[in-house]
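I have placed the structure first, in the form of structure tokens, so that the comments after it can refer back to it.
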Amino acid sequence: MNCPDCDNDRTRVLDTGSNASGDTVRRRRECCRCSFRFTTYERPEWDSLQVKKRNGDIEPYDKQKLRNGIIRAVEKRPITDEQVAELLETVEAELRARDERIISSSLIGDLVSENLRTLDQVAYIRFVSVYKSFSEPQEFLKELDAVLDAELDDFEDPNRSQ
Ligand SMILES: [Zn+2]
């Protein structure tokens, strides 16, 4: 969903609603670059969005399942229901913006963990450890180290290749 004014591809959803019959979603958006505000009317083809899993299986996108995964990760962490809902909205908006019918589960996982990371480091690590289902403990520790490094100081780039 590019900005009609400056064509920037990053926009922020300010408000979401639907018409009476529920077949159109209205979104008030703001451009992340020039702050131009506009409204979109989108047909949710959400029911038909498919997720391609790591093992190659394709299944319908399941918001509830994704929400449950996030809720498990933020358990007993200082994260509100509103923050979880907001995170889901952000992730779904990014998925919709891609305009693809089949999305890989790892992309969804990446988007969620990217957003979780800015919210809460512990929740991030929990989520990543589940969705990446590390086959080797070393992989998990490497991920954990990267987070801890970034938390201590930014003098080392956690994304460097080892
Ligand atoms: Zn713009």
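The values are calculated or read from the model by the stated rules, or taken from the named source; none is laboratory data. Source: prediction; values computed, not measured. All Cβ positions, glycine included, derive from the backbone under ideal geometry; neighbour counts span all protein chains shown. In case anyone asks, the SASA skips ligands and DNA or RNA and just uses the protein heavy atoms, side chains included. Shrake-Rupley method; radii C 1.70, N 1.55, O 1.52, S 1.80 Å.
Return a yes/no flag: does the range 75-88 have any residue that is at pLDDT below 85 and open to solvent by 70 Å² or more (accessible area, probe 1.4 Å).
Scanning the range 75-88 turns up no residue that is at pLDDT below 85 and open to solvent by 70 Å² or more (accessible area, probe 1.4 Å).
Yes or no: the range 19-34 includes at least one residue that is β-branched (V, I, T), modelled with pLDDT under 90 and within 15 Å of E94 (Cβ to Cβ).
Looking through the range 19-34, none of the residues is β-branched (V, I, T), modelled with pLDDT under 90 and within 15 Å of E94 (Cβ to Cβ).
Consider Q64 against the criteria (1) open to solvent by 40 Å² or more (accessible area, probe 1.4 Å); (2) assigned by TED's automatic domain parsing to the domain that holds R26: it satisfies all of them except one. Which criterion is unmet?
(2)
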